[in-house]
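The values are calculated or read from the model by the stated rules, or taken from the named source; none is laboratory data. Just so it is clear, the structure is predicted and the values come from calculations on it, not from any experiment. No Cβ is skipped: glycine too gets one built from the backbone with ideal geometry, and neighbour counts run over all protein chains shown. Just so you know, the surface numbers come from the protein's heavy atoms only, side chains and all, with ligands and any DNA or RNA stripped out. Shrake-Rupley method; radii C 1.70, N 1.55, O 1.52, S 1.80 Å.
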Amino acid sequence: MSPIAVGGPEVFIGTPTRYVALMRPEIDPTQPGVLAAAEEAGVSPEEFAGSGDIWALVFEADGGGGFELPGARDTEADAFAEQLQQALAAGEAFTAEAGTFLRLDARPSGASWEVTARVTPPEGHDDETVRTLELGALPAAELAADLEAFRGSLA
């Protein structure tokens, strides 16, 4: 089966092995892999691909996971990214929150930011374990550029 490409706005905060990612996956229902998978599942390609308007939080650090954020909107994701940009520009330790599901605590460390994420799954999720993830020292310039690109993808 052909791989299924997933697009949509997303921002990864962390390293390749320790991160949190806020994303709104979008799948093109005309992809060969989607067509084949939909046929195998007995549903339409559009139903298989989904609506593309559901935000999700994904994380990885000694075991990963994630959950959907029904009801989350682009404006909220943009406001969170803007809050992060402003806090980074101020250059002082900060806490930024995305609803009740993600809190980032960060402090400057040279040209980097030491970031800790607190991930709280929504009530009723299969695994309601609250996780604290040490994301490590993240280069300030890369973090700022990623946030700018993310906000641009929402426009």
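Only one of 107, 103 is at pLDDT 95 or above and under 13 Å from the mean Cα position of the chain (by Cα); which? Before you say what the answer is, go through the steps one by one.
Details: 107 fails: under 13 Å from the mean Cα position of the chain (by Cα).
Result: 103 is the single residue among 107, 103 that is at pLDDT 95 or above and under 13 Å from the mean Cα position of the chain (by Cα).
Has the range 26-41 got at least one residue that is in a loop (DSSP other than H, G, I, E, B) and within 19 Å of the chain's Cα centre (by Cα)? Give the derivation first.
First pass over the range 26-41, keeping only residues in a loop (DSSP other than H, G, I, E, B): 28-31.
Subset that is within 19 Å of the chain's Cα centre (by Cα): none.
Checking the range 26-41: not a single residue is in a loop (DSSP other than H, G, I, E, B) and within 19 Å of the chain's Cα centre (by Cα).
Please identify the pairs in which a residue from the range 102-114 that is in a strand (DSSP E or B) has its Cβ atom under 6 Å from the Cβ atom of a residue that is of a type in the set (Lys, Arg), counting only partners at least 6 apart or on another chain.
103/118; 114/107
Report, by residue number, each residue of the range 69-86 that is of a type outside the set (A, V, I, L, M, F, W, C) and surrounded by 14 or more Cβ atoms within 10 Å (Cβ to Cβ). Working first, answer last.
We begin by selecting, within the range 69-86, every residue of a type outside the set (A, V, I, L, M, F, W, C); these are 70-71, 73-76, 78, 82-83, 85-86.
Matches in the range 69-86: 74, 76, 78, 83, 85.
Can you tell me which residues in the range 58-74 are at pLDDT 90 or above and over 16 Å from residue 25 (Cα atoms)?
Selection gives 60 alone.
How many residues are surrounded by 11 or more Cβ atoms within 10 Å (Cβ to Cβ) and without any contact (Cβ under 8 Å) to a residue 12 or more places away in the chain if we restrict to the range 115-128?
Step one: filter the range 115-128 for residues surrounded by 11 or more Cβ atoms within 10 Å (Cβ to Cβ), giving 115-122, 125, 128.
Of the ones still in play, those that are also without any contact (Cβ under 8 Å) to a residue 12 or more places away in the chain are 128.
So the answer is 1.
Taking the condition of being out of contact with any Gly (no Cβ under 7 Å at 6 or more places or on another chain), open to solvent by 50 Å² or more (accessible area, probe 1.4 Å) and without any contact (Cβ under 8 Å) to a residue 40 or more places away in the chain, how many residues in the range 1-42 meet it?
Within the range 1-42, residues that are out of contact with any Gly (no Cβ under 7 Å at 6 or more places or on another chain), open to solvent by 50 Å² or more (accessible area, probe 1.4 Å) and without any contact (Cβ under 8 Å) to a residue 40 or more places away in the chain number 11.
In contact with a helix residue (DSSP H, G or I) (Cβ under 8 Å, 6 or more places away or on another chain), touching a residue at least 40 places away in the same chain (Cβ under 8 Å) and not basic (Lys, Arg) - does that describe any residue in the range 58-75? Break it down stepwise before answering.
Initially, the range 58-75 is screened for residues in contact with a helix residue (DSSP H, G or I) (Cβ under 8 Å, 6 or more places away or on another chain), giving 74.
Adding the requirement that they be touching a residue at least 40 places away in the same chain (Cβ under 8 Å) leaves 74.
Filter once more, keeping what is not basic (Lys, Arg): 74.
The answer is yes, given that some residue of the range 58-75 is in contact with a helix residue (DSSP H, G or I) (Cβ under 8 Å, 6 or more places away or on another chain), touching a residue at least 40 places away in the same chain (Cβ under 8 Å) and not basic (Lys, Arg).
Inspect the range 54-76 for any residue being in a helix (DSSP H, G or I) and in contact with a strand residue (DSSP E or B) (Cβ under 6 Å, 6 or more places away or on another chain) and give the result as yes or no. Steps first, please.
Residues of the range 54-76 that are in a helix (DSSP H, G or I), as a first pass: 74-76.
Remaining after also requiring in contact with a strand residue (DSSP E or B) (Cβ under 6 Å, 6 or more places away or on another chain): none.
Checking the range 54-76: not a single residue is in a helix (DSSP H, G or I) and in contact with a strand residue (DSSP E or B) (Cβ under 6 Å, 6 or more places away or on another chain).
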